[in-house]
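Please read the structure below before turning to the comments.
The values are calculated or read from the model by the stated rules, or taken from the named source; none is laboratory data. Computed from a predicted model, the values in this text were never measured in an experiment. Reconstructed Cβ throughout: ideal geometry from the backbone, glycine too, with neighbour counts over all protein chains shown.
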Amino acid sequence: MIRSPSREHRLSYAARPMAERSSQAIAILGGTGDQGLGLALRFAQAGRPVVIGSRKKEKAVAAAEEVRAAVAGAEVDGYENAEATQRAPIIILSVPFEHTAGTLKGIRDALSPGQILVSMGVPLATAVGDRATRMVGVWQGSCAELVADLAPEGVAVVSAFQNVPAHRLRTLDAPVECDVVVSGEKAPRKAVMDLCPLVPGLRAVDGGPLANARAIEAWTALLIGMNIRYKVSEGVGFRFTGLPDNSS
């Protein structure tokens, strides 16, 4: 276990002006779950300020403490979702599909034009009591497009990180070794792609427009089935062959 930073370090970070500490911050709503917490650990390990959001502030605060206990010097705070949303230019939505609309409703007034909202959701059939190896249909075409439909005007929506195994993210002493297909409008897509090299082993792949999230999300159900069939507890990931070295 890596030693936690001192109480003085944590207080000095919390006391900084909002503008000073938010420009490089990454907010993760649902950062108390396995995959969201894994991203929080990795981004904190890379030296980026992290804001963890949850429906219940006490859960977010506990998750932030867990990150500080694992990563020395981590700049991480926990807040209720709406407040977390206001504290970073990039907000990663890491909640189960069935909570996507409700979470967006709760943070809609906290979102501002120019922010980037990253959709990690996948419409797995578990949302209707069926298997995680199956998908349910979404009128908009994908969870990411649903998020785009519900987000306020001026907030860019990008699809990313659906297929990164949580176990690999949380094993901090090993590279993740996984490609991340990022889809959305060009400028925000590039901003999210730039986050991937912060995590050793992650490679960003340009996935083009947001509509391509329909294919990317479906891969998650495939990977879950492969994990079951091959008994891969750490999680199966994708690697694309033949891409140029500067593909990201």
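Given the options 107, 116, name the one that is in contact (Cβ under 8 Å) with a residue 60 or more places away in the chain and over 30 Å from residue 201 (Cα atoms).
107
Are there any pairs, at least 6 apart or on different chains, whose C-beta atoms fall under 9 Å, with the first in the stretch 174-187 and polar (S, T, N, Q) and the second part of a helix (DSSP H, G or I), and if so, which?
183/144; 183/189; 183/210; 183/211; 183/212; 183/213; 183/216
Sort through 132, 110, 151 and tell me the only one that's more than 18 Å from residue 209 (Cα to Cα), under 21 Å from the mean Cα position of the chain (by Cα) and buried (at least 18 other Cβ atoms within 10 Å of the Cβ).
The match here is 110.
Could we say that residue 122 is in contact with a helix residue (DSSP H, G or I) (Cβ under 6 Å, 6 or more places away or on another chain), in a loop (DSSP other than H, G, I, E, B), buried (at least 24 other Cβ atoms within 10 Å of the Cβ) and touching a residue at least 12 places away in the same chain (Cβ under 8 Å) here?
So residue 122 passes the test.
Is it true that residue 184 is touching a Ser or Thr at 6+ places or on another chain (Cβ under 7 Å), on the phi > 0 side of the Ramachandran plot and either at pLDDT 95 or above or surrounded by 15 or more Cβ atoms within 10 Å (Cβ to Cβ) (or both)? Break it down stepwise before answering.
Values: touching a Ser or Thr at 6+ places or on another chain (Cβ under 7 Å): yes; on the phi > 0 side of the Ramachandran plot: yes; either at pLDDT 95 or above or surrounded by 15 or more Cβ atoms within 10 Å (Cβ to Cβ) (or both): yes.
Yes; evaluated as a whole, the condition is true for this residue.
Kindly evaluate residue 190 against the criterion of being over 26 Å from residue 134 (Cβ atoms) and surrounded by 14 or more Cβ atoms within 10 Å (Cβ to Cβ).
yes
With the requirement that a residue be outside any strand (DSSP E or B) and under 13 Å from the mean Cα position of the chain (by Cα), what does the stretch 171-197 give you?
Passing the criteria: 192, 193, 195, 196.
Looking at 44, 74, 40, can you tell me which residue is part of a loop (DSSP other than H, G, I, E, B), modelled with pLDDT of 95 or more and surrounded by 24 or more Cβ atoms within 10 Å (Cβ to Cβ)?
On the way: 44 fails: part of a loop (DSSP other than H, G, I, E, B); 40 fails: part of a loop (DSSP other than H, G, I, E, B).
Answer to the check: 74.
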